[in-house]
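J.: Quick one: the structure is below, and I'll ask about it shortly.
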Amino acid sequence: MSNTSNASALIFHGLRARNEADVNWVGFYVKNSPDEELILGPFQGEVACVIIPPGKGVCGAAAKRRTTVVRRLTLSAEGLQWCLLFFYLDVEK
């Protein structure tokens with residue numbers, strides 16, 4: 001958890017220092033199995049969704065499909081789900 005906390009801070013402040021376009025959130029969501037919801041992990045930036053159900057929005061869809069998704073800005077019909085870049089990483093415990 002400590003490493004993802006520091007990674008969030010490093011990426012967030014690094015992008016802001018380079019004046020990247022309106023970076024307002026960098027962070028991690030975690031889950032215990034492929035079918036579980038995403039749970040908010042370490043992040044830097046604005047308030048974030050605490051739990052994202054599988055398939056909801058860009059992040060939930062990427063997690064459900066177990067793929068990486070790149071989008072500029074997306075507004076889902078079910079609610080606001082903003083993701084500029086979502087990497088799905090399958091990490092063994």
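FYI, it's all coordinate maths here, none of it is from the lab. Predicted model only: the values in this text are computed from it and were never measured.
J.: Counting only residues 5 or more places away or on other chains, whose amide H sits under 5 Å from the amide H of residue 41 once H atoms are built in the peptide plane?
T.: Amide H neighbours of residue 41: 28, 29, 30.
J.: Roughly speaking, what is the stretch gain from residue 33 to residue 13, that is 0.36 nm per residue apart minus the C-alpha to C-alpha distance, in nm to one decimal?
T.: 4.1 nm
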